[in-house]
1. Name the residue, out of Val53, Val34, Val64, whose mean-square fluctuation peaks in a Gaussian network model built on the chain with Cα pairs under 10 Å.
2. Could you work out which residue, out of Val35, Val46, Val62, moves most in a Gaussian network model of the chain, that is, has the largest mean-square fluctuation with Cα springs under 10 Å?
3. On the accessible surface of segment 13-74, probed at 1.4 Å, how many percent belong to carbon and sulfur atoms?
4. In Å², what does the accessible area per residue of the chain work out to with a 1.4 Å probe?
Amino acid sequence: MAAGFGSSSYYDRRFRQSPALIRARRPYLFKNAVVGSAITAFAIGVYAYTISVIGQDEFEDVKVPSAPTQPEKK
């Protein structure tokens, strides 16, 4: 048997969820979907904000060093 399942009554021989497991998870399904959607929306918002702020930067105040001089070969 696969690790973690053992002789659990929540899964049948083909490792499908039993009706008892589906009933036990039903009260949490909507709440978990809402929380997951909120976390996903927050992460996408932070990413979009960061990309938009970085895209506005001109980098005019950054000093670019001149190219290093190469020593002459003799």
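1. With Cα springs under 10 Å in the chain, the top fluctuation among Val53, Val34, Val64 is at Val64.
2. Its mean-square fluctuation being the largest, the pick is Val62.
3. 63 percent
4. Details: 7500 Å² over 74 residues.
Per-residue value: 101 Å².
The values are calculated or read from the model by the stated rules, or taken from the named source; none is laboratory data. A quick note: this is a predicted structure, and the numbers were derived from the prediction, not measured. Calculation scope for accessible area: heavy atoms of the full protein, side chains included, ligands and nucleic acids excluded. Shrake-Rupley method; radii C 1.70, N 1.55, O 1.52, S 1.80 Å.
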